[in-house]
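Read through the structure below, which is laid out as structure tokens, and then see the notes.
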Amino acid sequence: MIETAAKAVSHNEVIKEANPTLAGSIGATLADESTDRFSEDDSQFLKFHGIYQQDDRDKRKTGKFYQFMVRGRLPGGIVPPEQYLAFDRLATDFANDTLRITSRQGFQFHGIVKTGLGKIMKGINDALATTLAACGDVNRNVMAPSTPGRNGMVERVLEDARLLSKALLPKTPAYHQIWVEGQKLNLSDADPEFVDPLYGKTYLPRKFKVAFAIPPLNDIDVFTNCLGFIAIEENGELVGYNLCAGGGLGMSHGNKETYPRVADVIGFVKPQDIEAFAKATLTVHRDFGDRTNRKHARLKYVLEEKGPAWFREEVEKRTGIKFEAARPYKFTKQGDLFGWHKQTNGNSFLGLFVETGRIKNTAQAQLKTALRKIVEQFHTEIRLTPSQNLIIANVASPNIEAINRVLQEHGVVVENQASRVRGASMACPALPTCGLALSESERVLPSILSRIEDTLKDVGLADEEIIVRMTGCPNGCARPYMAEIGFVGRGPNKYQIYLGGNEGCTRLNQAFKDNVKGEDILTELRPLFARFAAERTAGERFGDWCTRNLFSETAPTAPAAS
């Protein structure tokens with residue numbers, strides 16, 4: 001009998017095992033003024049520290065100009081006033097003078113050169129924030145609803161999000177030593193015997209994502225996460241969560257082993273047990289995830305191949321706690337509130353649309369300057385939304401008009417901020433910064449939306465909301481596979497078009513067209529918009545119409561209730 005040799009683990013697994021503190025040669029290279037970049041192995045370790053090594057792809061014809069993206073870890077997207085002011089200053093002093101809101105409620109700093117990397121990292125930590133585990137094979141930023149609620153439920157769920165963010169943070173001492181203390185750590189300086197008490201010596205096979213959502217609003221896209229907690233409210237109180245697991249959107253073109261997947265609802269857990277269930281779920285990924293193929297290494301593949309019943313039993317065994325039957329719930333919508341709204345505590349909040357999530361100054365609107373002046377003068381809290389917009393929170397009523405004046409003076413609109421289709425849009429950064437991008441996203445979506453708006457007006461749908469999302473590659477950072485219309489980069493100026501997501505973001509869309517040039521997108525969509533306007537049933541959304549009329553088989557959908 002011939003035995004089949006076991007598959008070799010990926011290179012990332014080899015280097016993690018050899019350097020479990022994740023220090024690599026980062027500290028020594030940081031101090032080396034003769035180079036503008038880190039080694040390929042160190043670029044993998046940098047991700048655990050919240051840093052991506054990139055280059056300006058607009059300049060590749062004349063050589064590689066290395067730069068860095070730094071991502072902050074901000075549970076629930078909450079940014080206290082002093083932190084926001086620090087981030088604003090750091091973006092000006094060491095990055096490209098913009099702040100990018102991520103689709104996981106964090107901030108990204110772009111365009112940092114190596115000589116400024118240590119300074120911006122220390123500045124972030126001096127502001128009592130961190131970038132640790134914002135990237136890498138660990139739990140990423142924990143998402144939670146950030147829009148202040150009328151019943152206090154949002155604040156209660158935010159407490160649990162912060163709890164899990166802290167509980168799932170890796171314990172490596174190298175992060176603090178390098179970025180705060182400034183030690184020139186090298187491989188030989190790190191403790192070779194260090195083993196993270198939760199993650200183990202080689203951490204996770206790939207990234208792990210956690211999110212909280214409060215029905216009926218699925219602004220978080222909870223079913224796209226490895227682990228999701230759906231808040232169950234009874235008589236105005238949080239009684240627990242339906243736990244869902246195995247969601248994720250990343251895929252690779254032409255690779256059938258990779259695919260988007262919506263999470264399975266596993267069962268109900270009590271609030272006091274969420275840390276135990278979260279750690280158990282994470283360790284299932286740690287122990288059963290594919291360490292031989294990073295494209296097939298997410299928890300979603302474990303759930304797909306072993307099944308939710310197996311997963312339920314494995315988690316119960318690790319926690320010693322039984323799941324209860326999932327409680328009824330229903331998601332009916334997604335998205336953000338724009339304009340002024342009242343909070344439970346008597347204050348108000350202002351929802352601001354931020355096109356493609358980029359806080360910057362332009363000739364038309366100086367949003368970055370206006371926000372800095374508002375936070376400086378009124379000490380307001382900033383909250384980042386999962387749709388890459390922001391909220392100015394906890395504003396006392398006497399300050400509303402003054403804030404409106406600051407925004408008006410800087411060209412920032414408060415009323416009628418965006419069309420309904422533009423307000424429901426998202427894009428990833430893509431070119432020129434992301435090394436994975438196959439096509440444009442952030443830089444072209446605004447113009448594509450303008451063409452969509454004109455076309456909708458032509459067919460009598462000027463006020464229609466359609467969820468539109470674009471990414472420059474199939475990894476799906478802007479969650480295009482849940483959108484009513486998703487554009488996914490296929491190659492230079494070429495996109496796949498996906499159609500058929502729903503308003504509650506509980507259903508995957510489906511591929512409609514492949515290799516569509518950017519200039520031909522409306523050629524494909526215009527006849528569909530016209531048909532939709534003529535054929536829709538009362539109140540029917542575009543995504544539902546597409547699923548009903550264009551696809552013979554419905555896509556995977558998360559259950560609306562148990």
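Can you tell me which of (1) in contact with a Gly (Cβ under 8 Å, 6 or more places away or on another chain); (2) over 25 Å from I448 (Cα atoms) is the one T554 doesn't meet?
Checking T554 against (1) in contact with a Gly (Cβ under 8 Å, 6 or more places away or on another chain); (2) over 25 Å from I448 (Cα atoms), the one that fails is (1).
If we scan segment 254-262, do we find a residue that is of a type in the set (D, E, K, R), surrounded by fewer than 22 Cβ atoms within 10 Å (Cβ to Cβ), out of contact with any Phe, Trp or Tyr (no Cβ under 8 Å at 6 or more places or on another chain) and assigned to a helix (DSSP H, G or I)?
The answer is no; no qualifying residue exists.
G543 - would you say it is among the small types (G, A, S) and part of a helix (DSSP H, G or I)? Quick ask: steps written out before the conclusion?
Details: among the small types (G, A, S): yes; part of a helix (DSSP H, G or I): yes.
Yes: the conditions hold for G543.
Within segment 61-96, count every residue that is part of a helix (DSSP H, G or I) and either of a type in the set (A, V, I, L, M) or at pLDDT 95 or above (or both).
Residues meeting the conditions: 17.
Are any residues in segment 449-472 outside any helix (DSSP H, G or I) and within 25 Å of the chain's Cα centre (by Cα), and if so, which ones?
E465, I466, I467, V468, R469, M470, T471, G472
Looking only at segment 505-527, filter to residues that are part of a loop (DSSP other than H, G, I, E, B) and of a type in the set (A, V, I, L, M, F, W, C); which one of those is surrounded by the fewest Cβ atoms within 10 Å (Cβ to Cβ)?
This residue is L508.
Being at positive phi and in a loop (DSSP other than H, G, I, E, B) is the filter here, so list the residues in segment 338-374 that pass it. Let's see the steps before the verdict.
Pass one, segment 338-374, residues at positive phi: 339, 346, 356-357.
Within segment 338-374, just G346 meets the criteria.
Quickly run through segment 528-540 and pick out the residues that are assigned to a helix (DSSP H, G or I) and surrounded by 15 or more Cβ atoms within 10 Å (Cβ to Cβ). Explain how you work it out, then say what you get.
From segment 528-540, those assigned to a helix (DSSP H, G or I) are 528-535; that's our starting set.
Result: L528, F529, A530, R531, F532, A533.
Do we have G149 as over 26 Å from I232 (Cα atoms) and small (G, A, S) here? So that I can check it myself, show each step before the final result.
Numbers: over 26 Å from I232 (Cα atoms): no; small (G, A, S): yes.
No: the conditions fail for G149.
Residues checked against (1) free of Cβ contacts under 8 Å to residues at least 12 places away in the same chain; (2) within 22 Å of G351 (Cα to Cα); (3) in contact with a Gly (Cβ under 8 Å, 6 or more places away or on another chain):
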| position | (1), (2), (3) |
| --- | --- |
| M143 | no, yes, yes |
| S146 | no, yes, yes |
| V154 | no, yes, no |
| L158 | no, yes, yes |
| L164 | no, no, no |
| L168 | no, no, no |
| Q177 | no, no, yes |
| E181 | yes, no, no |
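Among the residues in segment 377-390, are any without any contact (Cβ under 8 Å) to a residue 60 or more places away in the chain, buried (at least 21 other Cβ atoms within 10 Å of the Cβ) and either hydroxyl-bearing (S, T, Y) or farther than 29 Å from A213 by Cβ (or both)? So that I can check it myself, show each step before the final result.
So in segment 377-390, the residues without any contact (Cβ under 8 Å) to a residue 60 or more places away in the chain come out as 377-378.
From the residues that got through so far, the ones that are buried (at least 21 other Cβ atoms within 10 Å of the Cβ) too are none.
For segment 377-390, residues without any contact (Cβ under 8 Å) to a residue 60 or more places away in the chain, buried (at least 21 other Cβ atoms within 10 Å of the Cβ) and either hydroxyl-bearing (S, T, Y) or farther than 29 Å from A213 by Cβ (or both): absent.
In segment 20-48, which residues are in contact with a helix residue (DSSP H, G or I) (Cβ under 6 Å, 6 or more places away or on another chain) and not in a helix (DSSP H, G or I)?
The answer is T21, L22, A23, G24, S25, D36, F38.
Might you check whether a residue that is part of a helix (DSSP H, G or I), touching a Ser or Thr at 6+ places or on another chain (Cβ under 8 Å) and buried (at least 16 other Cβ atoms within 10 Å of the Cβ) occurs anywhere in segment 319-333?
no
Looking at (1) within 22 Å of T147 (Cα to Cα); (2) in a loop (DSSP other than H, G, I, E, B); (3) out of contact with any Ser or Thr (no Cβ under 9 Å at 6 or more places or on another chain), which one does S103 not meet, given that it meets all the others?
Of everything listed in (1) within 22 Å of T147 (Cα to Cα); (2) in a loop (DSSP other than H, G, I, E, B); (3) out of contact with any Ser or Thr (no Cβ under 9 Å at 6 or more places or on another chain), S103 misses just condition (3).
Hydrophobic (A, V, I, L, M, F, W, C) and in contact with an Asp or Glu (Cβ under 6 Å, 6 or more places away or on another chain), is that true of F87?
No.
The values are calculated or read from the model by the stated rules, or taken from the named source; none is laboratory data. Keep in mind that what you see is a predicted model, and the values were worked out from it rather than measured. Don't worry about glycine lacking a Cβ; one is built from the backbone with ideal geometry, like all the others, and counts go over all protein chains shown.
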